[in-house]
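Some notes on the structure that comes next.
The values are calculated or read from the model by the stated rules, or taken from the named source; none is laboratory data. Being a predicted model, the structure only gives us computed values, none of them experimental. Note that we place each Cβ from the backbone using ideal geometry, even for glycine, and neighbour counts take in every protein chain shown.
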């Protein structure tokens, strides 16, 4: 039986307050992502983010801590798909690739998925790239994100090895992963779609065809 004192100690969760906190967090991250992209990481102060989000600097600190934490939160937010954190989305992505029994179909599906990721992640990734170049303290974060991406491409190569047509005989699995890692870089998507005006469909088709030509045995 629950007594009155235990009821008083039970935390109360207000749906309105929870929704308000989520909206505030989103406003802070949206403002930070926009300012980082427009001004650069080094030139953006916490006070700038607070003004753009319409909150206090203390609220910005409560959302993500220091400026590095703010950048990491922006990256995490950009890496979500349909409300899912990246590890969950990554498992879903790999499961979708496993459904393709043909190596060419798998690579074309991977190209479409990679293009979609670049569309969402491109701005945040470029922010981190520039920030790490200007601030050596962020080099480890950049290195970690690139290493994680390479591990993902190595997993795709492992899936390809179980399918036909096989990988080109002059490519080792490590070299094949390097090719995937290079061609699925968000910067390439940004260059062709963002700067040269390619459509998303054209880019995805080109990337899929290119990956098949470079990686698979004719």
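Being farther than 28 Å from residue 77 by Cα, buried (at least 18 other Cβ atoms within 10 Å of the Cβ) and without any contact (Cβ under 8 Å) to a residue 40 or more places away in the chain narrows it down to one of 161, 132, 176, so name that one.
Residue meeting the stated conditions: 176.
Output the residues belonging to region 153-178 that are assigned to a helix (DSSP H, G or I) and either out of contact with any strand residue (DSSP E or B) (no Cβ under 7 Å at 6 or more places or on another chain) or farther than 21 Å from residue 102 by Cα (or both).
Those that are assigned to a helix (DSSP H, G or I) and either out of contact with any strand residue (DSSP E or B) (no Cβ under 7 Å at 6 or more places or on another chain) or farther than 21 Å from residue 102 by Cα (or both): 153, 154, 155, 156, 157, 158, 159, 173, 174, 175, 177, 178.
Quick one: is residue 197 out of contact with any strand residue (DSSP E or B) (no Cβ under 7 Å at 6 or more places or on another chain) and in contact (Cβ under 8 Å) with a residue 60 or more places away in the chain?
Here the answer is no, as residue 197 does not meet what is asked.
Given the options 64, 43, 31, 23, name the one that is crowded, with 18+ Cβ neighbours inside 10 Å and at pLDDT 90 or above.
31
Specify the residue that is surrounded by the fewest Cβ atoms within 10 Å (Cβ to Cβ); the eligible residues are those in region 179-218 that are outside any helix (DSSP H, G or I) and within 20 Å of the chain's Cα centre (by Cα).
The selected residue is 185.
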